[in-house]
1. List, please: which pairs have Cβ atoms under 6 Å, are six or more places apart or on different chains, and start with a residue in the stretch 81-108 that is among the aromatic types (Phe, Trp, Tyr) and end with one that is assigned to a strand (DSSP E or B)?
2. Being modelled with pLDDT of 95 or more and open to solvent by less than 40 Å² (accessible area, probe 1.4 Å) is the requirement here; does LEU146 meet it?
3. Find the residue count for the stretch 35-50, including only residues that are closer than 22 Å to PRO79 by Cα and exposed (fewer than 15 other Cβ atoms within 10 Å of the Cβ).
4. Determine if the stretch 103-112 includes at least one residue that is touching a Pro at 6+ places or on another chain (Cβ under 8 Å) and at pLDDT 85 or above.
5. Using the structure shown, decide if TYR111 is among the hydroxyl-bearing types (Ser, Thr, Tyr), assigned to a loop (DSSP other than H, G, I, E, B) and within 27 Å of ASP32 (Cα to Cα).
6. One residue is enough: does the stretch 119-140 have a residue meeting the conditions within 24 Å of GLY49 (Cα to Cα), open to solvent by 20 Å² or more (accessible area, probe 1.4 Å) and within 20 Å of the chain's Cα centre (by Cα)?
7. What are the residues in the stretch 93-107 that are under 11 Å from CYS134 (Cβ atoms) and assigned to a loop (DSSP other than H, G, I, E, B), if any?
8. So, of the residues in the stretch 245-291 that are small (Gly, Ala, Ser), open to solvent by less than 10 Å² (accessible area, probe 1.4 Å) and modelled with pLDDT of 95 or more, which turns out to be nearest to GLN204 (Cα to Cα)?
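The values are calculated or read from the model by the stated rules, or taken from the named source; none is laboratory data. These numbers come from a predicted model, not from an experiment. We place every Cβ from the backbone using ideal geometry, glycine too, and count neighbours over all the protein chains shown. The protein model used for the area step is the full one, side chains on, heavy atoms only, and it has no ligands, DNA or RNA in it. Shrake-Rupley method; radii C 1.70, N 1.55, O 1.52, S 1.80 Å.
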Amino acid sequence: MSRNVLVIKLGALGDMILASPHIERIVEAHPDDRVWLLTAPDYLPLFAGHSRLRSISFARKGLLAMGQAIRWTRKQHFPIVYDLQGSDRARLLTLASGAEKRVGLGTGWFYTHSPVLDDRQRHFFDRLNGLLACAGIPQALPRARLWTRSSCAAAVGRWLDTRQLQRGKIVLMHAGSSPAWSSKRWESEHFAQLAALLADAGLQVIWTGGDADREINAGLAAITGLDATGEFRVPELAELGRFARFAVVNDSAPMHILSCAGIPVYALFGPTDWRRSHALGQEGRILRNPVPCSPCHQGDCPPAQQHRCLAGISATAVFARLRADHLV
């Protein structure tokens, strides 16, 4: 008899993508059940093309949205709930579901099954594999993916054709970051130098990003490359990645999005620990200064951490790495 099974994953974007292999493992573990994903509205398009996963969204904040989510969850009579979020909100939803089997990250009476997490500094992907293991589900492989609609690929193909861009000859670059984390940004001058070297090698550079990246991308595109700011939502950006040779990005959401395309994604890391947050399958393509610096030249770096500064990474060093990997 088919049952309803619930997966809770509310955000954020990078974590949603990191959890995609685990969500698929859960779906595979319940071939005869109806598997639901409860998430935030922004993330519904990431799973729109999945053939078996049913998705529903509620706002992440507010008592009204929380009440609606609880009522819906209780109404489904889920016997099993997998909480891949671990936040207070997700724990309350898990408990309120009344499910007999409640699997989640953490300890206490919220869950009936939870992994022993002896090292909270581990990568989020590894922590979720621990969650699967305690539920008796095979561990996920480190390959992120999105389940987009076929119309995404067609739209991206038309965009490339209109601009006469050659598939396999384009390079995607993301020079921005969250406004709250400007210290994650490699200097624009370095990005511009790298873009010029790539253009001289016969590659076409596309600057990607959202509204927060408009100013920086406009300045870079005025020197070299094409400004695609705001042209693509998350699913379309992942599809665009399938037509690219590789990508060079800061530690940001596009790093995770483009990893879904299965292309090489080179990520520049400075104040954050790459071991905890690198894109899946891309740990061999981390770009960082081998010499730690403390304090950093950026004022908003975490003062309690000794970190590796972005200032010491040169455009010529990145280009040399790309050439050594036979990509240029």
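1. The qualifying pairs are TYR82/VAL7; TYR82/VAL103.
2. On the way: modelled with pLDDT of 95 or more: no; open to solvent by less than 40 Å² (accessible area, probe 1.4 Å): yes.
It is false that LEU146 is modelled with pLDDT of 95 or more and open to solvent by less than 40 Å² (accessible area, probe 1.4 Å).
3. Result for the stretch 35-50: 0.
4. As a first pass, look at the stretch 103-112 and keep what is touching a Pro at 6+ places or on another chain (Cβ under 8 Å): 105.
Subsequent filtering for residues that are at pLDDT 85 or above retains 105.
Yes.
5. Working: among the hydroxyl-bearing types (Ser, Thr, Tyr): yes; assigned to a loop (DSSP other than H, G, I, E, B): yes; within 27 Å of ASP32 (Cα to Cα): yes.
So TYR111 fits the description; yes.
6. yes
7. Hit for the stretch 93-107 is LEU105, nothing else.
8. Initially, the stretch 245-291 is screened for residues small (Gly, Ala, Ser), giving 247, 252-253, 259, 261-262, 267, 270, 277, 279, 281, 284.
If we keep only those that are open to solvent by less than 10 Å² (accessible area, probe 1.4 Å) too, we end up with 247, 259, 267, 270, 279.
Checking the rest, the ones that are also modelled with pLDDT of 95 or more come to 247, 259, 267, 279.
Numbers: ALA247: 11, SER259: 19, ALA267: 19, ALA279: 24 Å.
Result: ALA247.
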